[in-house]
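What follows is one structure encoded as structure tokens, with my remarks underneath.
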Amino acid sequence: MFGSSDAVLVSLKTVLTVVSVSLGLGLYVALIYRLATPGAAFSITIQHTLLYLALIVSLVMLIISNQVARAFTLVGALAVIRFRTPVKDTRDAAFIFLGLAAGMGAGVGMFAETAAGVGLIGLFMLAVRFFRFGKHPRGETLVKFTVPTEGGGEEAFPRDAFARHFRSFRLVSTRSVHDGRRVELTYLVRPRQGADLVAFARALSAFPAVEKATVIACDDDGLVENVF
């Protein structure tokens, strides 16, 4: 049915089977995308596209079958389409390729093989998300500010505020700014349970010698935000 070189038409049952399988695989890929994508990076349009891709590609593969003439005709027809929407997150491209693979596999009749492959890859994507592969440890925060080079340098800030809000802190970077008149200090800190980082940033900024105080917190999705 799928491999005959002289096959021109396919039965309605075959079409319904292919579309049904690709629909199920597309829904699975869309669900994995929703579960494996952080809230700020999630796009409902990408999720819908994943479902549509699986369905459309499966139908395209069914139409092409192994007919070379059909393949060239479809390539020529699709060449007129211009895609101008950029993929903002490279992880979205991986899900798009997975949706394409699901549609292609269903379209050529490799139902079991495609379902197994897409299922395993989807589980792997979830594992990467929930085991935080390659992400910063939870609770790490950066504190950055400048102090005068003369008159204390590293000591010209309220260390007691650090002790109240953080379990530990260590200097990780220093940089001379303003022609050497000031020094920029960057600390890697671990906030205490329930620490108010906004209140800390305001207290740090209120210290006379401190300028340009910035607190950058790594949240559970590996994103960062300036809390002040």
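Miscellaneous remarks
- Test: Ala36 is closer than 30 Å to Leu188 by Cβ and at pLDDT 85 or above: yes
- Filter result for Ala206 (over 13 Å from Phe162 (Cα atoms) and among the hydrophobic types (A, V, I, L, M, F, W, C)): yes
- Number of residues in region 176-210 that are over 22 Å from Glu140 (Cα atoms) and either outside the structural domain of His165 (by TED's automatic domain parsing) or among the charged types (D, E, K, R) (or both): the value is 3.
- Taken over region 36-49, the criterion of being surrounded by fewer than 17 Cβ atoms within 10 Å (Cβ to Cβ) and either assigned to a loop (DSSP other than H, G, I, E, B) or touching a Gly at 6+ places or on another chain (Cβ under 9 Å) (or both) is satisfied by Pro38, Gly39, Ala40, Ala41, Phe42, Ser43.
- Within region 10-35, the only residue that satisfies the criterion of being touching a Ser or Thr at 6+ places or on another chain (Cβ under 9 Å), of a type in the set (Val, Ile, Thr) and closer than 15 Å to Val118 by Cα is Val21.
- Condition met for Gly117 (over 14 Å from Leu31 (Cα atoms), in contact with an Asp or Glu (Cβ under 8 Å, 6 or more places away or on another chain) and at pLDDT 80 or above): no
The values are calculated or read from the model by the stated rules, or taken from the named source; none is laboratory data. Values in this document were obtained by computation on a predicted structure and should not be read as measured data. Virtual Cβ from ideal backbone geometry, glycine too; neighbours counted across all protein chains shown.
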